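Enquirer: There's a structure below that I have some questions on.
The values are calculated or read from the model by the stated rules, or taken from the named source; none is laboratory data. It should be emphasised that the depicted structure is a prediction, and the values quoted were computed from it without experimental measurement. No Cβ is skipped: glycine too gets one built from the backbone with ideal geometry, and neighbour counts run over all protein chains shown.
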Ligand code: ZN
């Protein structure tokens, strides 16, 4: 891992596996870390409580921001309780768990928030590898938005995506290397049904998380 940076970073923090791993990654990389959790009309507000608890345990500054207007802009099954959640990736499209514009809004708000606090490094747990083809998780989008944010505010933000090219198994490996495997396993909330740790076991997020965990543990035990 690279030399510790003497600067401040803001982590876009949901309290899930990915962003918690990123939070501890940032703690190794930066002198001072803050975490910002977005309320966007999630069905399970326990996510926000889990995020606050994890951030406090990590000893980082934590804050939350209400951006729930994004749930009203477009329909998706993460915020609309009348919608049945897609269990599989539909052919030629994204699943209805896709919240249109979510990372666009999150990162834009995060950048303004960071600027106000003299922070130029922004960390997000998005990645191309295991996601369901969400366009705003792709590297090209993140790089493009980074340029736009810099132009919009005449700043030199750097958006870090430590998980961009790694899968869930490698994300577990990273958490283990950072010494936070148990925290990530037990305290984070990834499950679409709002159950922390290993979750409900059958929603798409739980399945992805478990498959990654099993793959990582298998390589760890036999590697
Ligand atoms: Zn679940």
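Enquirer: Out of all the residues in region 196-219, which are assigned to a loop (DSSP other than H, G, I, E, B) and either out of contact with any helix residue (DSSP H, G or I) (no Cβ under 8 Å at 6 or more places or on another chain) or surrounded by 18 or more Cβ atoms within 10 Å (Cβ to Cβ) (or both)?
Expert: 196, 199, 202, 203
Enquirer: Take the residues in region 212-223 that are more than 20 Å from residue 23 (Cβ to Cβ) and modelled with pLDDT of 95 or more, then tell me which one is farthest from the ligand (Cβ to nearest atom).
Expert: So the residue we want is 218.
Enquirer: Follow-up question, since we're still on this one. Which one of these is surrounded by fewer than 18 Cβ atoms within 10 Å (Cβ to Cβ) and either touching a residue at least 40 places away in the same chain (Cβ under 8 Å) or not in a loop (DSSP other than H, G, I, E, B) (or both): 49, 18? Give the steps one after another, and end with the answer.
Expert: Details: 18 fails: surrounded by fewer than 18 Cβ atoms within 10 Å (Cβ to Cβ).
After applying the criteria, what remains is 49.
Enquirer: Next question. Yes or no: residue 171 within 13 Å of the ligand (Cβ to nearest atom) and either at pLDDT 95 or above or within 16 Å of the chain's Cα centre (by Cα) (or both)? Full working, then the answer.
Expert: Details: within 13 Å of the ligand (Cβ to nearest atom): no; either at pLDDT 95 or above or within 16 Å of the chain's Cα centre (by Cα) (or both): yes.
No; evaluated as a whole, the condition is false for this residue.
Enquirer: Could you list, in sequence order, all residues of region 114-134 that are farther than 18 Å from residue 19 by Cα and either assigned to a helix (DSSP H, G or I) or within 15 Å of the chain's Cα centre (by Cα) (or both)?
Expert: Answer for region 114-134, where residues must be farther than 18 Å from residue 19 by Cα and either assigned to a helix (DSSP H, G or I) or within 15 Å of the chain's Cα centre (by Cα) (or both): 115, 116.
Enquirer: Next question. Kindly provide the set of residues from region 178-190 that are assigned to a helix (DSSP H, G or I) and touching a residue at least 60 places away in the same chain (Cβ under 8 Å), ordered by number. First the steps, then the outcome.
Expert: Here is the first cut: in region 178-190, the ones assigned to a helix (DSSP H, G or I) are 181-187.
183, 184, 187 - these are the residues of region 178-190 that are assigned to a helix (DSSP H, G or I) and touching a residue at least 60 places away in the same chain (Cβ under 8 Å).
Enquirer: Answer with yes or no whether residue 186 is surrounded by fewer than 19 Cβ atoms within 10 Å (Cβ to Cβ), within 16 Å of the ligand (Cβ to nearest atom) and modelled with pLDDT of 95 or more. Please lay out each step first, then the result.
Expert: Working: surrounded by fewer than 19 Cβ atoms within 10 Å (Cβ to Cβ): yes; within 16 Å of the ligand (Cβ to nearest atom): yes; modelled with pLDDT of 95 or more: yes.
Taking the combined requirement at face value, the residue satisfies it.
Enquirer: Say whether the condition of being in a loop (DSSP other than H, G, I, E, B) and within 16 Å of the ligand (Cβ to nearest atom) is met by at least one residue in region 149-165.
Expert: First pass over region 149-165, keeping only residues in a loop (DSSP other than H, G, I, E, B): 154-157, 161-165.
If we keep only those that are within 16 Å of the ligand (Cβ to nearest atom) as well, we get none.
No, every residue in region 149-165 fails to be in a loop (DSSP other than H, G, I, E, B) and within 16 Å of the ligand (Cβ to nearest atom).
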